[in-house]
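Data block below; observations after.
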Amino acid sequence: MDRNVCVIAGGMSKWGVRDGSQRDFFQEAAKACYDDNPQLNPKEIDGLLVASAYTERTSYQTHLAPLVAEYVGIQPKNICARVELLCASGSSAIILAFAMIKSGQADIVMVAGGEKLYTPQKWEIFYSELASVDHDWDGGQGLGLPPPVFAMVAKQHMLKYGTKKEHLGVVSVKNRRNSAKNPKAQFQTPVTMEEVMSGRMIVPPLTLYDCCPITDGAACIVLAAEEMAKDMTDKPLVYIRGTAQASVNNMSANMPNWTTWEALKIAAQQAYSKSKVDPKEVNVAMTHDCFTISEIIEMEDLGFCKKGEGGFFVADGQNDFGGQVPTNTDGGLLGCGHPFGGTGIRQGIEVTRQLRGDAIQQVPNATIGLTHNLSGFIAAHTVLIYGREVA
């Protein structure tokens, strides 16, 4: 069996520093998802994949998927499981849900993801991140926190290609401007280039505004086989045209060149090939801007510009509205925040809205969208292509 797969609903909770529990966030996201498509009957959902990376550490809750099923009012009969790939947990879960529906193992699958990261003692989340690398080796060497690694990536890109601190700042200003118009985003105020350039230093050359925040929140998206989707929504159908995932190194210290992410290039090429899409045909993209340098390198390795030209590409506004490929139109990680398991799902929701034509900040006539996540220290990459038509 080889079926077409569509997105029929999506919604998210408010993201930010929240007083609620992980359970609250999943319920808020599910309600927003149901509100997005009143024709969707939760009783018809026969699968659930839950993406969460730190549920045991920060919510003290394992065996999460059956609990979420109960929280959101569904009784999945074909699959009920948790997916974990740190920052790429949500997009990985979408890939698996897509595969199950395409192969006929399920018909309608909800993918839910989110975290409760802000705990009474904020230092706990940083300590937990030491488990994101090889805990016994890299963690013991102090290589457990992302900012130092991405700062070194930025320095190498600057040295090799002439990328400037101002180029990083352009990404931050754009994404915070976009999040200021997104009521679900963590940051509701834009920032100026002056504020970004004079921001508190975290690890040179990265300042506070170059780094995504710690975030509480959740998101849900529902996928369905095309033949069922047509009867379950009055909105334009959005198809998942192709998916891919690749990993070639567990730890960025093992990467021969930190300025070129080979796993991303592999995943991108596979996704483009499966979806029969050329990079120049992508109308809107959600990329993993955990740090400003990330979005710059992603523009290059996704094929939107040549290697080494990412800084100049963003400085020229080519990843902004009116440019070649508007990117992170809802604010991205820098503006929306990053509750690990929810990010890839948030990206899928925004691309779906862009292709349906009902996004908050609409890219005119968008028909093809892309999402990208990376996990850990640039260890694994997922790329998904969405379209108004099948491949």
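The values are calculated or read from the model by the stated rules, or taken from the named source; none is laboratory data. Quick caveat, the model's predicted, so the values are computed rather than measured. Reconstructed Cβ throughout: ideal geometry from the backbone, glycine too, with neighbour counts over all protein chains shown.
List of remarks:
- Residue list for region 318-336, restricted to those being farther than 18 Å from CYS212 by Cα and touching a residue at least 24 places away in the same chain (Cβ under 8 Å): ASN319, ASP320, PHE321, GLN324, VAL325, PRO326
- Some residue of region 71-88 being within 23 Å of ALA380 (Cα to Cα) and either hydroxyl-bearing (Ser, Thr, Tyr) or in contact with a Pro (Cβ under 7 Å, 6 or more places away or on another chain) (or both): no
- Condition met for SER132 (buried (at least 18 other Cβ atoms within 10 Å of the Cβ) and at pLDDT below 90): yes
- You will find that of ALA151, ALA185, the residue that is surrounded by 17 or more Cβ atoms within 10 Å (Cβ to Cβ), part of a loop (DSSP other than H, G, I, E, B) and touching a residue at least 40 places away in the same chain (Cβ under 8 Å) is ALA185 and no other.
- Verdict on MET110 being in the same structural domain as GLU226 (by TED's automatic domain parsing), more than 30 Å from ASP134 (Cβ to Cβ) and assigned to a helix (DSSP H, G or I): no
- Subset of region 337-369 that is under 20 Å from VAL109 (Cβ atoms) and either free of Cβ contacts under 8 Å to residues at least 60 places away in the same chain or among the basic types (Lys, Arg) (or both) - its residue that is surrounded by the fewest Cβ atoms within 10 Å (Cβ to Cβ): ARG356
- Among residues of region 314-336, those that are crowded, with 22+ Cβ neighbours inside 10 Å and either outside any loop (DSSP other than H, G, I, E, B) or of a type in the set (Gly, Ala, Ser) (or both), counted: 8
- Enumeration of residues in region 206-245 that are over 20 Å from LEU334 (Cα atoms) and among the aliphatic types (A, V, I, L, M): ILE221, VAL222, LEU223, ALA224, ALA225, MET228, ALA229, MET232, LEU237, VAL238, ILE240, ALA244
- Count of region 5-27 residues, restricted to those that are surrounded by fewer than 18 Cβ atoms within 10 Å (Cβ to Cβ) and polar (S, T, N, Q), is 1.
- When ALA53, ALA69, ALA30, ALA106 are screened for being of a type in the set (A, V, I, L, M), surrounded by fewer than 24 Cβ atoms within 10 Å (Cβ to Cβ) and in contact with a helix residue (DSSP H, G or I) (Cβ under 6 Å, 6 or more places away or on another chain), only ALA106 passes.
- Total residues in region 19-51, condition part of a loop (DSSP other than H, G, I, E, B), under 28 Å from ARG356 (Cβ atoms) and out of contact with any Pro (no Cβ under 9 Å at 6 or more places or on another chain): 5
- Top-ranked residue of region 57-85 - restricted to ones that are at pLDDT below 95 and assigned to a helix (DSSP H, G or I), ranked as farthest from ALA131 (Cα to Cα): THR58
- Output for region 151-195, where each listed residue is under 15 Å from ASP316 (Cβ atoms) and among the charged types (D, E, K, R): LYS164, GLU166, LYS174
- Positions within region 247-284 being within 21 Å of LEU85 (Cβ to Cβ) and assigned to a strand (DSSP E or B), in sequence order: SER247
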